[in-house]
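Taken together, the values in this text are just the output of simple stated rules run on the coordinates, not laboratory data. The structure presented is a predicted model; accordingly, all values stated were derived computationally and were not measured. With ideal geometry, Cβ positions are generated from the backbone for all residues, glycine too; neighbour counts draw on all protein chains shown.
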């Protein structure tokens with residue numbers, strides 16, 4: 001069996017297990033009172049375990065050393081700083097993509113903000129910034145991307161990013177997570193180390209954690225009500241729920257952020273080139289799209305996994321619209 005077909009089966013297994021366990025837990029919470037009282041960090045730990053454990057079992061079953069799927073290379077302090085700067089330069093683009101998705105759905109952003117509200121900053125950082133950065137990078141920029149790129153680089157970058165977006169299981173996060181996944185794969189190739197993508201992933205997640213923690217305190221100082229503060233933290237909503245004036249302002253905001261994103265994304269490209277050169281990989285980056293094999297990336301298990309994901313997202317979107 002080809003390696004691509006094997007990791008595609010892994011993706012299908014993760015999707016089925018993740019959705020199945022999530023739906024099962026939702027049913028249990030509605031039937032068993034104490035289940036709904038468990039700390040949110042138990043759910044966060046479980047969700048990451050449902051990704052990590054199948055990947056770990058896959059490596060053991062295939063007798064693959066995990067280090068073979070995790071490009072390890074020590075990165076310098078200068079690289080760390082440049083990766084953080086480059087990631088923040090990409091942030092406006094992520095804001096734009098998130099805002100566009102919020103014209104159709106707001107469930108993803110809202111649910112994440114609700115999870116973090118009123119929780120401990122240190123625990124939020126651990127379970128919503130550090131843990132996902134390590135586990136999700138292990139699967140998507142490790143197991144999946146490192147396997148796919150043996151066939152052809154550009155399709156591997158795009159497909160691993162696409163599957164990263166799929167795994168968020170909602171339209172709101174899918175769009176910007178797809179773009180983020182592509183950026184993170186490019187970053188791994190620029191540094192030769194998965195530590196760089198873990199750092200960038202952590203940077204974005206921690207920014208959300210910090211903003212959710214600080215904004216209510218700032219509004220409290222400014223004597224703004226909690227409701228108004230929450231509206232600032234969770235802006236927007238899909239277009240059908242907005243009045244014409246609200247929609248116009250929201251679209252204008254997207255255009256402003258788009259103008260900013262065009263400039264910062266160009267700057268991020270320049271920063272990316274600098275990162276590649278500092279790590280002695282600019283020559284490699286310029287050549288990395290050459291060559292490859294004719295082995296297929298898309299197989300029936302992968303397509304089936306995508307169908308399940310989009311069916312789940314479609315049903316969730318329909319229920320969100322129906323409840324509005």
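Here are some notes:
- In plain terms, the residue of 321, 257 with the fewest other Cβ atoms within 10 Å comes first and the most crowded comes last, giving 321, 257.
- Ellipticity estimate at 222 nm from DSSP helix runs (n ≥ 4, -39,500 (n - 2.57)) divided over the chain, nearest 500: -25000 deg cm²/dmol
- Highest mean first, the peptides 70-76, 87-93 sorted by other C-beta atoms within 10 Å per residue fall in the order 87-93, 70-76.
- Distance between the modelled labels on residue 134 and residue 321, one decimal in nanometres: 4.1 nm (7 Å Cα→Cβ projection).
- Here the label points at residue 252 and residue 206, each 7 Å from Cα along the C-beta direction, are separated by 3.7 nm in the simple model.
- For the chain, pairs of C-alpha atoms spaced more than 24 angstrom apart make up 58 percent of the total.
- For region 3-323, the relative contact order is 31 percent, taking Cα pairs closer than 8 Å that sit 6 or more residues apart in sequence and dividing their mean separation by the residue count.
- Rounded to the nearest 0.05, the FRET efficiency derived from the C-beta distance between residue 13 and residue 245 at R0 = 45 Å is 0.40.
- Exposure proxy ranking, count of Cβ atoms within 10 Å, fewest first, for 187, 158, 297, 38: 38, 158, 297, 187
- Estimated FRET transfer efficiency when R0 is 25 angstrom, pair residue 80-residue 21 (beta carbons, to 0.05): 0.10
- Sorting 37, 136 from the fewest to the most surrounding beta carbons within 10 angstrom yields 37, 136.
- Burial ranking of peptide ranges 245-253, 305-313, 190-198, 7-15 (average Cβ count within 10 Å, highest at the top): 190-198, 7-15, 305-313, 245-253
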